[in-house]
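One structure below.
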Amino acid sequence: MPTINPLGKDIISVKTDFCGRELSIEINRVGFRTSASVLVRYGETVILGTAMIGKQPLNGFDYFPLSVEYEERFYAAGKISGSRYIKREGRPSEDAILIGRLIDRPIRPLWPKGYRHEVQGIATVLSMDPAFRPDAIAMIAVSTAFMVAGAPFDGPVAGIRVGHVGGKLIAFPSREQLKEGDLDLFVAGKEGAVMMVEAGANEVSEELVVEALDLAQKAYQPAIDLQNELVKKLKVTPLTYELSLPSDEVQKNVDAWLKGKLGIKVRGAFEDRHAALHELLEGLKEHFRTELGEEEYAKVSSDYHDAFSTAVNKDVRKGILEDGERPDGRKLTEVRPLSSEVGFLPRAHGSSLFTRGITQAMNITTLAPLSYSQSIDTMEFEGEKRYMHHYNAPGWTVGEVKRLGSPGRREIGHSALAERAVLPVLPDENDFPYAIRSVTEIMSQHGSTSMAATCSSVLSLMDAGVPLKAPVSGIAMGLIVDGDKVVILTDIQDAEDFAGDMDFKVTGTPKGITAMQMDMKVHGLPTEVLAKAINQAKEGRAHILAHMLTTLDRPRKTLSPYAPRVETIQINPDKIREVIGKGGEMINHIIAETGAEIDIKDDGIVMIASPDGPSIEAAIRMIKDIAADPEVGTIYKNVPVVSVLDFGAFVQILPGKDGMVHVSEMSEERVQKPSDVVSVGDHVNVKLMAIDEKGRLNLSMKQAERELSK
């Protein structure tokens, strides 16, 4: 029986072809108490998009209270969490947080400035087609929900992933195609303009990325058209709202007081500019406190502070657009002063300090056996993560007092970007069998800490002796747009970020791009402008990389004395059971005997780790002995007698492998009783003469002595 809407509304759906599959959006089937809710279907993926819009603005807020969330459900993939103790979904996984940010970033700039109504958008994955990732469909669901709610959202937006496989660009590639290819590019935007870019790549060219941007913009258009079709079909009524903006009178008063006090007078080095602006703000407060009176000014002080920030941002834009001069006096393509050092933390396996202007990042690398890799168990993925980059930026790095806590969405996003930048150049696991943790501790923030994290992590990894395939550098680009005039800035700082229209981060090697992240603050840009920014970023990256290589031009040849040594050997997979032993008895014995850590993979690769070389050698010898196959004709020296019988003795030639020495093979002379020649615990030399059809080993002490005496 079909669902009946209890509010008496018809269930309405629209459909279109989207990259070869049917995309459908349905409304009025579920979520009756929401501002709007939609079900979006694509293949076997079903996403619930819900929107809640506050009816009244929140007083006292100086920011837009928007939250966008992405909810994983294990049942959507037909899974139960692998955790032994927790089966219910709890705190979002890092992957879910990153997808939530992915959806948020193209949506957030498209609301009116000063909008203070509380807004929430949630994408909940109800069913997941394993053939492809669901994030693009989730973005469509949240965008549609906002459009259907009648919110003042200048959408719709849509996003799509582009891969590059076998020399061809593919829109909405499958998971398998993404694994095979050398590009994973996610592009989101509105009609005719790009709003957001996120990419990981295996050193691909700038030209290929620009071509992929063009393809993506065309490919997501049907999803935008479909949302517009639904809104038109529903005849959505726009919501009424109020904006919290400084009055025109306040802004005029502030602009008048600041006349002649900005421009060249507040340009210069960070400390000079910071001090000059602080002095101006204090002067402004004192002036209007006197003019309006203490009590009246207290009521509107936040409006005057906002108006001051607006005026300063306008001055930054004016200086760049009209004078071609940046707040700190740099040229448009000039990178801030650079300095760096490595190896300054004595007990760390690798360490670096990278400084660019006032922005500073410290990075520490720690190496461990592969058994220390991170286990991943999410709705989409199950496996291990060998390389981990973590980013920390407490409040004191921006001169503020903030409560310490677990990393937020920004920290997780910056961690992921710097991690993605380095992944393509990490050595293969077989060549460098280590788990690698790279931690960036931000020391000071003044623009583009994620790119400082990338550069510092590369220097730290090389200091640790990680044999990177190539060094990576990164840079953040900015943009100021005024009508047809477009100015692209290299290496933006905070003032240019706040006043500007774009934050575009690019990382790569001399060969090509490894990662990108771009966010717009205006309502989108054509790809031609992005192409110019990408090519200008290439020059900036090269400049920063040249500096990094003067500090350390290649990975160190030896590891820190405090880092574990890891050796790998290959054994027959059929022998794994013997090496482990019953209940782990054998491998635990080897660990206790040698002090080494041992990790065995299903393909027979054995990794032995210890800071002590002799421990590794001893463990390798014991494992090889257990895994070795007895060879006919081999002489085994000084091996123990394990039992003596009337007709001969059993000798252990290898761990767990005993053979029989018949009484006739014990000596050149006739032996009456085996016990006259050997006792349990004696050590003898034997030669393996034969292995019979039942796998029994026939040994000879007599033949061994003959050959050893030659």
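Could you tell me which numbered condition GLN652 fails, if it satisfies all but one of (1) within 28 Å of ALA619 (Cβ to Cβ); (2) surrounded by 20 or more Cβ atoms within 10 Å (Cβ to Cβ)?
The number of the failed condition is (2).
Let's see how each residue does on (1) among the basic types (Lys, Arg); (2) more than 21 Å from LEU417 (Cα to Cα); (3) part of a loop (DSSP other than H, G, I, E, B):
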position	(1), (2), (3)
PHE61	no, yes, yes
LYS79	yes, yes, yes
ARG84	yes, yes, yes
GLY100	no, no, no
ALA123	no, yes, no
ILE140	no, yes, no
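Which condition number does GLY60 fail, the rest of (1) small (Gly, Ala, Ser); (2) surrounded by 21 or more Cβ atoms within 10 Å (Cβ to Cβ); (3) farther than 30 Å from SER415 by Cα being met?
For GLY60, the failing item is (2).
What residue, among those in segment 662-684 that are assigned to a loop (DSSP other than H, G, I, E, B) and touching a Lys or Arg at 6+ places or on another chain (Cβ under 7 Å), is surrounded by the most Cβ atoms within 10 Å (Cβ to Cβ)?
Only one residue tops the list, namely MET666.
So if I check each of ILE587, ILE544, ILE580, ILE576, which one is out of contact with any Cys (no Cβ under 7 Å at 6 or more places or on another chain) and either in contact (Cβ under 8 Å) with a residue 24 or more places away in the chain or not aliphatic (A, V, I, L, M) (or both)?
Just one listed residue meets the conditions, ILE576.
Check whether at least one residue in segment 270-280 is over 19 Å from GLY20 (Cα atoms) and not in a helix (DSSP H, G or I), and report yes or no.
Among the residues of segment 270-280, not one is over 19 Å from GLY20 (Cα atoms) and not in a helix (DSSP H, G or I), which makes the answer no.
Conditions (1) within 21 Å of PHE172 (Cβ to Cβ); (2) of a type in the set (Asp, Glu); (3) not assigned by TED's automatic domain parsing to the domain that holds GLY155, marked per residue:
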| residue | (1), (2), (3) |
| --- | --- |
| ILE25 | yes, no, no |
| SER35 | no, no, no |
| ILE47 | yes, no, no |
| LEU66 | no, no, no |
| GLU69 | no, yes, no |
| ALA77 | yes, no, no |
| SER93 | no, no, no |
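Within segment 233-245, does at least one residue satisfy the condition of being in contact (Cβ under 8 Å) with a residue 24 or more places away in the chain, closer than 30 Å to LYS9 by Cα, part of a helix (DSSP H, G or I) and of a type in the set (A, V, I, L, M, F, W, C)?
Yes - at least one qualifying residue is present in segment 233-245.
Here is a list: MET607, MET622. Which entry is crowded, with 19+ Cβ neighbours inside 10 Å, under 54 Å from the mean Cα position of the chain (by Cα) and part of a helix (DSSP H, G or I)?
MET622
Checking the structure you have, find out if any residue of segment 21-36 is buried (at least 21 other Cβ atoms within 10 Å of the Cβ), in contact (Cβ under 8 Å) with a residue 40 or more places away in the chain, in contact with a strand residue (DSSP E or B) (Cβ under 6 Å, 6 or more places away or on another chain) and among the hydroxyl-bearing types (Ser, Thr, Tyr).
yes
Suppose we filter segment 31-71 for residues that are among the aliphatic types (A, V, I, L, M) and closer than 21 Å to ALA223 by Cβ; how many remain?
9
Can you tell me how many residues within segment 182-198 are small (Gly, Ala, Ser), closer than 23 Å to THR45 by Cα and either within 22 Å of the chain's Cα centre (by Cα) or assigned to a loop (DSSP other than H, G, I, E, B) (or both)?
Going through segment 182-198 one residue at a time, the tally reaches 1.
Kindly indicate whether GLY82 is surrounded by fewer than 18 Cβ atoms within 10 Å (Cβ to Cβ), at pLDDT 90 or above and in the same structural domain as SER127 (by TED's automatic domain parsing).
When the stated conditions are applied, GLY82 does not pass them.
Looking at (1) surrounded by fewer than 22 Cβ atoms within 10 Å (Cβ to Cβ); (2) on the phi > 0 side of the Ramachandran plot, can you tell me which one ASP491 breaks?
Result: ASP491 fails condition (1) only.
The values are calculated or read from the model by the stated rules, or taken from the named source; none is laboratory data. Computed from a predicted model, the values in this text were never measured in an experiment. Please note: Cβ atoms are built from the backbone with ideal geometry, for glycine as well, and neighbour counts cover all protein chains shown.
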